[in-house]
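Working notes for the structure below.
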Amino acid sequence: MSQDQNTAEPPKASNAWMVIFADLTALLLTFFVLLFSMSSINVAQWEEVITALSNKLGPNFSADKGQEGAALSIDSAFVPKAVDLDYLNNILTSKLSSDPVLGRAEISRLEDRMIISLPSDALFRPSSAHLTEQALSAVGLLGDALLVIGNRIDVAGHTDPRPISTWEYPSNWELSLARAVSVASSLRQAGYTAPVAAIGYGDSRYGEVSPDLDEDQRLLKARRVDVIIREGSGRSYDP
């Protein structure tokens, strides 16, 4: 018997794994297409995000002049830009409507800002500036929605004209300011890192509530916290 006949041929490598890999890739592609079809994406803004990430995190990234050798921080890698308020209005209207607290909010679009008016009775107990558990969850949801924008955000508290005088809040102004601070703090805890101004107006804006409403409705609308989203960026704060 020859030497060639005694030598066994080594087993050939199987390519069966490629079939499994191809099936997995197809399933992942289907999953991402499904996610894309269920989302509402502004293509121009999406391209800006991709470009920003590519420029900052790509292999050809170089430090800015005057900062040679500086470490790349999260803030310098990606700073959200101020987004168009009309686009944001459409997104927030659909996103907030499903929440029992945020669903009661009134969204107003003015020339240079968008105002989300949250009724105080949905956020706080009477004469209190501490958010209820349900309100904490709702403000956290709002904070999540604002994480990806770079617009300047102010929070303004309002009361009705009926006077309050307690050891904790001697006047309507203190109560309105404390409520604004509570909402602003919750937004920061949700991850919004740009400066947030907390303002207390007390009952000084009561005259802006529509006089066509009956007195009870006017008082109800007066007691609110406004989350004000402005056109400009929150990174350069200009009161």
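Readers should treat all values here as calculations from the given coordinates under stated rules, not as data from a laboratory. This one's a predicted model, so the numbers in the text were calculated from it and none came from an experiment. Positions of Cβ are generated from backbone atoms using ideal geometry, with glycine treated the same way; all protein chains shown enter the neighbour counts.
Per 0.36 nm of contour for each residue apart, how much would the distance between residue 215 and residue 90 grow if the chain were fully extended, relative to their Cα-Cα spacing?
41.8 nm
Assign unit charges at the C-beta atoms only (+1 for Lys and Arg, -1 for Asp and Glu), then state the dipole size of the range 80-233 relative to its Cα centre in Debye, rounded to the nearest 20.
360
Ranked highest first by the average count of other Cβ atoms within 10 Å around their residues, in what order do 177-184, 143-150, 211-218, 91-98 fall?
Put in order of decreasing packing, that is 177-184, 143-150, 91-98, 211-218.
Sequence gap at least 6, Cα distance under 8 Å: using those rules, report the relative contact order of the range 80-233 to the nearest whole percent.
Reported as a whole number, the value is 32 percent.
R0 = 35 Å: FRET efficiency of residue 193 with residue 28, Cβ-based, nearest 0.05?
Between residue 193 and residue 28 the formula returns 0.65.
Give a quick list of chymotrypsin sites (Phe, Trp or Tyr not before Pro) in the range 115-203 that DSSP marks as loop, anything other than H, G, I, E or B, with at most 15 other Cβ atoms within 10 Å.
167
Sequence-distant or interchain residues sharing an amide H contact under 5 Å with residue 151, placed H: which?
Distant-sequence amide H within range of residue 151: 83, 234.
Sticking with the crude label model, points 7 Å out along Cα→Cβ, report the distance from residue 125 to residue 99 in nm, one decimal please.
2.2
Subtracting the Cα-Cα distance from 0.36 nm times the residue separation, let me have the gained length for residue 171 to residue 147 in nm, one decimal.
Taking residue 171 through residue 147 to full extension adds about 5.3 nm, to one decimal.
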